[in-house]
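Presented below is the structure to which this report refers.
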Amino acid sequence: MSKQILILPGDGIGPEIMAEAVKVLELTNDKFQLGFELSHDVIGGAAIDKHGVPLADETLARAKAADAVLLGAVGGPKWDKLERDIRPERGLLKIRSALGLFANLRPAILYPQLAEASTLKPEVVAGLDILIVRELTGGIYFGQPRETRVLENGERQAFDTLPYSESEIRRIARVGFDMARVRGKKLCSVDKANVLASSQLWREVVEEVAKDYPDVELSHMYVDNAAMQLVRAPKQFDVVVTDNMFGDILSDEASMLTGSIGMLPSASLDANNKGMYEPCHGSAPDIAGQGIANPLATILSVSMMLRYSFSQSDAADAIERAVSVVLDQGLRTGDIYSEGTTKVGTVGMGDAVVAALRNL
Ligand code: NAD
């Protein structure tokens, strides 16, 4: 039976980078006879323009029925003034939550060819290969109540809530340990247990889960220290597991170690490894429509999809090799450009990956 993949390009550079990723996906589909069927729909600002909401019910139903979802990015100044509940980013939170995508995997791998593109010294980042496992459907981004209210003295006050239940912590901890087990066997759990009650429970539960993984070395780190260690000595980390907001911030920080957020893919998985795959970056309205966005994060998201949702590691390896070949050829989009390399646009980069894949 064919496998259904739903493509949601989104806003800003989303459609530009997605067009390149789809070229790579279609070629991989033919080359490895994967039997994928692709369909397209809208999310985010594009969905607000079409349906008045950032995620229409019929789009969500198609996402639920699909075997995997490939997403570009959402958001942009055009929709920034809308009420919070119908803003593009709400569509993203809703689809993650409705699909039960609680585990967000964000690798930060430095391609050796790009060691110069990092703002850190090459010796600090050379050979970097970290995986950040971020809890994605709980914590402060979803906690209720959340409110902005006016106090008796007339001052406005806003608050959010940061809840974590034991089962939510346990299942994300398991993902962290499982990933560490097949990588470098080191897991660092990041929290703020010196201050937050939710973090104290987080730490206790992670310790309990660790009993099932005696082969994995567990450490704990406060988030402020982790932010510092990531730029001081990032290679000390193998797998990092953390909550929704800490993971959001730390994974963006880790992305910069690799030169550009334009290189980083991500996977968001449910309990059965059904997933949504997307670049770590946003819709980059500042460069949208110029044909200069880096499509590699989205192309590498296709490779993660093949690996995690479809167990097609040969096809995933082939895409990653093709990306490496293109970097060896010295081709660079503006965000990873350095002197002595050749600057290409979004389409040029996508075409080069397709050509490299065809020739493998
Ligand atoms: P951003 O990731 O869109 O951009 C940050 C910087 O990185 C910009 O200078 C941008 O030009 C650059 N950049 C990002 N992707 C790039 C690529 N592929 N190639 C080259 N350069 C790239 O973050 P932002 O500016 O904070 O947010 C812009 C919009 O995106 C906002 O509306 C935000 O809400 C939304 N956003 C969406 C997602 C998502 O869809 N998952 C994630 C983050 C932000």
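What is the mean projected area of the alpha carbon convex hull for the range 1-84, to one decimal in square nanometres? Mind dumping the intermediate values first?
Working: hull surface 22.9 nm².
Convex hull of Cα atoms, orientation-averaged projection: 5.7 nm².
List the extent of the Cα atoms of the range 177-306 along each of their three principal axes, largest first, rounded to whole Å.
50, 31, 26
In debye, nearest 20, what is the charge dipole magnitude of the range 110-269 about its Cα centre with +1 on Lys and Arg Cβ and -1 on Asp and Glu Cβ, if you could check?
Numbers: 17 positive and 24 negative charges, 56 e Å.
So the dipole magnitude of the range 110-269 works out to roughly 280 debye.
Out of residues 5 or more away from Val241 or on other chains, whose amide H comes under 5 Å of its own, with H placed 1.01 Å from N in the peptide plane?
Distant-sequence amide H within range of Val241: Val133, Cys188, Ser189, Val190.
Not counting the cut sites, what is the longest span of the chain without GluC sites (Glu not before Pro) that DSSP labels loop and that have at most 10 other Cβ atoms within 10 Å? Display every interim value, and only then the final one.
Working: sites that count: Glu83, Glu152, Glu155, Glu339.
Longest gap between qualifying sites, sites excluded: 156-338.
Top mean-square fluctuation among Met263, Met305, Met228, Gaussian network model of the chain, C-alpha springs under 10 Å?
So, out of Met263, Met305, Met228, the one fluctuating most is Met228.
Quick one: accessible area per residue over the range 110-269, 1.4 Å probe, rounded to a whole number of Å²?
Using a 1.4 Å probe on heavy atoms only, each residue of the range 110-269 averages 45 Å².
Show that you can apply the helix-only estimate: for the chain, add -39,500 (n - 2.57) for every DSSP H stretch of four or more residues, divide by all residues, and state [θ] at 222 nm to the nearest 500.
Values: 12 runs with 146 residues, N = 360.
Dividing the helical sum by the residues of the chain leaves -12500 deg cm²/dmol.
On the first, second and third principal axes, largest extent first, how far apart are the outermost C-alpha atoms of the range 1-141 in Å?
Ordered largest first, the range 1-141 gives principal extents of 50, 42, 28 Å.
How much of Val124 can a 1.4 Å solvent probe reach, expressed as accessible area in Å² and rounded to 10?
Accessible surface of Val124 is approximately 40 Å².
Output ³J(HN,Hα) for the range 121-137: one whole-Hz value per residue in order, computed from phi by the Karplus curve 6.51 cos²θ - 1.76 cosθ + 1.60 with θ = phi - 60°, and x for Gly and Pro.
For the range 121-137, the Karplus curve yields 4, x, 5, 6, 10, 4, x, 4, 8, 10, 10, 9, 9, 10, 5, 10, 10 Hz.
Can you give the convex hull volume per residue for the Cα atoms of the range 68-143, as a whole number of Å³?
Values: hull volume 12.3 nm³, N = 76.
Considering the Cα atoms of the range 68-143, their hull volume per residue is 161 Å³.
Within the range 107-199, which trypsin sites (Lys or Arg not before Pro) sit in a loop by DSSP and count at most 14 neighbouring Cβ atoms inside 10 Å? Intermediate results must be reported in sequence, preceding the final value.
Values: sites: Arg134, Arg146, Arg149, Arg156, Arg170, Arg171, Arg174, Arg181, Arg183, Lys185, Lys186, Lys192; in loops: Arg146, Arg183, Lys185, Lys192.
Within the range 107-199, the qualifying trypsin sites (Lys or Arg not before Pro) (loop, at most 14 other Cβ atoms within 10 Å) are Arg146, Lys185.
Which value, in Å to one decimal place, does the Kirkwood hydrodynamic radius take for the chain when every pair of different Cα atoms is included?
When all Cα pairs of the chain are included, the Kirkwood radius is 21.0 Å.
Roughly how much of Val69 is accessible, in Å² to the nearest 10, using a 1.4 Å probe?
Counting only protein heavy atoms, Val69 exposes about 0 Å² to solvent.
If only Cα atoms are counted, what is the Rg of the range 256-360, and what is its Dmax, in Å?
14.0, 46
Grab the eigenvalues of the alpha-carbon gyration tensor for the range 110-269, scale each by 5, take roots, and send me the semi-axes largest first in whole angstrom. Walk me through the intermediate numbers first.
Values: eigenvalues 176, 93, 34 Å².
Ellipsoid semi-axes (Å, largest first): 30, 22, 13.
Is the C-alpha gyration tensor of the range 44-86 telling us rounded, prolate or oblate? Criteria: a/c under 1.5 is rounded; beyond that, a/b larger than b/c is prolate, otherwise oblate. Write out the running numbers ahead of the final one.
Values: a/c = 2.85, a/b = 1.82, b/c = 1.57.
Judged from the Cα gyration tensor, the range 44-86 comes out prolate (a/c at least 1.5, a/b above b/c).
Give the accessible area for Lys31 in Å² (nearest 10); use a 1.4 Å probe, count only protein heavy atoms, and leave out ligands, DNA and RNA.
Rounded to the nearest 10, the figure is 80 Å².
Keeping every protein chain in place, order Val150, Val24 by accessible area at 1.4 Å, biggest value first, i.e. largest first. Present the calculation step by step, with values, prior to reporting the outcome.
Numbers: Val150 105, Val24 0 Å².
Largest accessible area first, the residues go Val150, Val24.
Under a Cβ-only charge scheme (Lys and Arg +1, Asp and Glu -1), can you give me the dipole magnitude of the range 165-249 about the Cα centre, in debye to the nearest 20?
320
May I ask you to rank Ile249, Ile109 by accessible area, largest first, using a 1.4 Å probe over the protein chains only? Show your work: numbers first, answer last.
On the way: Ile249 105, Ile109 75 Å².
Largest to smallest exposure gives the sequence Ile249, Ile109.
Go through the range 160-167 residue by residue and turn each phi into a ³J(HN,Hα) via Karplus (6.51, -1.76, 1.60, θ = phi - 60°); whole Hz please, and just put x for glycine and proline.
Running phi through 6.51 cos²θ - 1.76 cosθ + 1.60 with θ = phi - 60° gives 10, 10, 10, x, 9, 8, 4, 5 Hz.
The values are calculated or read from the model by the stated rules, or taken from the named source; none is laboratory data. None of these values were measured; they are calculated from a predicted model. Here the Cβ is made from the backbone with ideal geometry for all residues, glycine too, and neighbour counts use every protein chain on show. Ligands, DNA and RNA are stripped out before the accessible areas are found, and what is left, the full protein with its side chains, is counted by its heavy atoms. Shrake-Rupley method; radii C 1.70, N 1.55, O 1.52, S 1.80 Å.
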